[in-house]
1. Hey, any hits in segment 340-354 for a residue that's at pLDDT 95 or above, under 18 Å from the mean Cα position of the chain (by Cα) and in a helix (DSSP H, G or I)?
2. Of the residues that make up segment 234-250, is at least one more than 22 Å from residue 175 (Cβ to Cβ), out of contact with any strand residue (DSSP E or B) (no Cβ under 8 Å at 6 or more places or on another chain) and either in contact (Cβ under 8 Å) with a residue 24 or more places away in the chain or not assigned by TED's automatic domain parsing to the domain that holds residue 74 (or both)?
3. So is residue 147 closer than 27 Å to residue 312 by Cα, in contact (Cβ under 8 Å) with a residue 40 or more places away in the chain and either crowded, with 23+ Cβ neighbours inside 10 Å or assigned by TED's automatic domain parsing to the domain that holds residue 395 (or both) or not?
4. Filter segment 45-73 down to the residues that are under 20 Å from residue 266 (Cβ atoms) and either out of contact with any helix residue (DSSP H, G or I) (no Cβ under 7 Å at 6 or more places or on another chain) or surrounded by fewer than 24 Cβ atoms within 10 Å (Cβ to Cβ) (or both) and list them by number.
5. Show the residue pairs meeting these rules: Cβ distance below 9 Å; 6+ apart or different chains; first residue within segment 211-230 and over 22 Å from residue 194 (Cα atoms); second residue assigned to a loop (DSSP other than H, G, I, E, B).
6. Tell me yes or no: at least one residue of segment 282-299 is touching a strand residue (DSSP E or B) at 6+ places or on another chain (Cβ under 6 Å), at pLDDT 95 or above, surrounded by fewer than 23 Cβ atoms within 10 Å (Cβ to Cβ) and assigned to a loop (DSSP other than H, G, I, E, B).
7. Select from segment 161-180 the residues that are surrounded by fewer than 21 Cβ atoms within 10 Å (Cβ to Cβ) and at pLDDT below 90 and list them in ascending order.
8. So is residue 378 in a loop (DSSP other than H, G, I, E, B) and more than 30 Å from residue 41 (Cβ to Cβ) or not?
């Protein structure tokens, strides 16, 4: 047995030359490679470790890049990048002039679609599949890999709804690990958990009801099972759906145990997984923590205060309010449009709503800000996190448009507090009651 298989694999053509019984060894080497680089260079860890076997199986069975593979969000695409001609430059991941932390069309023909924000994969892959059909490319495969947090978003449902009335050659793979950045929430997550635990009758299948050929759930770390199921699905016509169960952080014990912390853990010990402590005693508090603690302080004095976040309780520090006032703080999942209009609905009833959304994510709810909040002059308080340039995450996450896109909306106050004290003051003023919405 070759002592290092990965070193000899430059692309999926090399991968397909391996006998199937050597793939588990390759999976171990690929995990070790990701852990080694990310431990030194930082980046997204848990998501990529969870899909190592799935990544190998997809490139082994399908003829990428001719067959088109779309990774939703792309946090989990490190293994994909390493197997597709970027192993030698993977150490430059998320660095200036290095490779992107997300799939990017201009970087590689294997990156079929640029991602970074969630829930776009089904629509994009369906668009590709319908285009292939029109061009007479009937044997071409189109695969969307989407997580259980991302599939709960409205856009993913729009894609599924359309795909179900086509005969497009589309395979949707649900990578179900019950966690996005924070644990997944919502009725769909509860349904998927019931399916995994065998508590749902076979006929009660939401995906089958949408005209998909559903199979699973199967173990996403069992390479022979994955390969045989993907080989079978290659021959099935029309929209198909494979439910795969994985463990985020697989292969690094601490990352499996503390999945939120190891989503993007910073630098850590590659052997033990222990995160190297950062001395942040000399640094001012993070803006989001000042926001989170101030919100709790205000909510203690004003029972009308509500907090809303679309799937970012830890990143936005809304978690403090969720812990202190669980009935008055809502994580609505990856659903920015819903978050904004939910806030508007609450504001009509006299509630003081702090709607906390990352700058780039609010772009996805632009119509709701205009139509549901500003035109009705509802005093929703938008708190936009991650405004400005955000370094390693790159173009998809730079919050550089918010002042431009909000400035043209009538009835909306824009405030950019210069420091933590000003942030606290403006939160207090807003909570006392404004006649307009504020960002």
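1. From segment 340-354, those at pLDDT 95 or above are 340-354; that's our starting set.
Imposing the further condition that a residue be under 18 Å from the mean Cα position of the chain (by Cα) reduces the set to none.
The answer is no, given that none of the residues of segment 340-354 is at pLDDT 95 or above, under 18 Å from the mean Cα position of the chain (by Cα) and in a helix (DSSP H, G or I).
2. So in segment 234-250, the residues more than 22 Å from residue 175 (Cβ to Cβ) come out as 235, 237.
Of the ones still in play, those that are also out of contact with any strand residue (DSSP E or B) (no Cβ under 8 Å at 6 or more places or on another chain) are 235, 237.
Okay, now just the ones that are also either in contact (Cβ under 8 Å) with a residue 24 or more places away in the chain or not assigned by TED's automatic domain parsing to the domain that holds residue 74 (or both), so 237.
Yes, because at least one residue in segment 234-250 is more than 22 Å from residue 175 (Cβ to Cβ), out of contact with any strand residue (DSSP E or B) (no Cβ under 8 Å at 6 or more places or on another chain) and either in contact (Cβ under 8 Å) with a residue 24 or more places away in the chain or not assigned by TED's automatic domain parsing to the domain that holds residue 74 (or both).
3. Working: closer than 27 Å to residue 312 by Cα: yes; in contact (Cβ under 8 Å) with a residue 40 or more places away in the chain: yes; either crowded, with 23+ Cβ neighbours inside 10 Å or assigned by TED's automatic domain parsing to the domain that holds residue 395 (or both): yes.
Yes, satisfied.
4. Scanning segment 45-73 gives 47, 50.
5. Between residues of segment 211-230 that are over 22 Å from residue 194 (Cα atoms) and residues that are assigned to a loop (DSSP other than H, G, I, E, B), the close pairs are 230/62.
6. The answer is no; no qualifying residue exists.
7. 178
8. Values: in a loop (DSSP other than H, G, I, E, B): yes; more than 30 Å from residue 41 (Cβ to Cβ): yes.
Spelling it out, residue 378 is indeed in a loop (DSSP other than H, G, I, E, B) and more than 30 Å from residue 41 (Cβ to Cβ).
The values are calculated or read from the model by the stated rules, or taken from the named source; none is laboratory data. Just so it is clear, the structure is predicted and the values come from calculations on it, not from any experiment. Please note: Cβ atoms are built from the backbone with ideal geometry, for glycine as well, and neighbour counts cover all protein chains shown.
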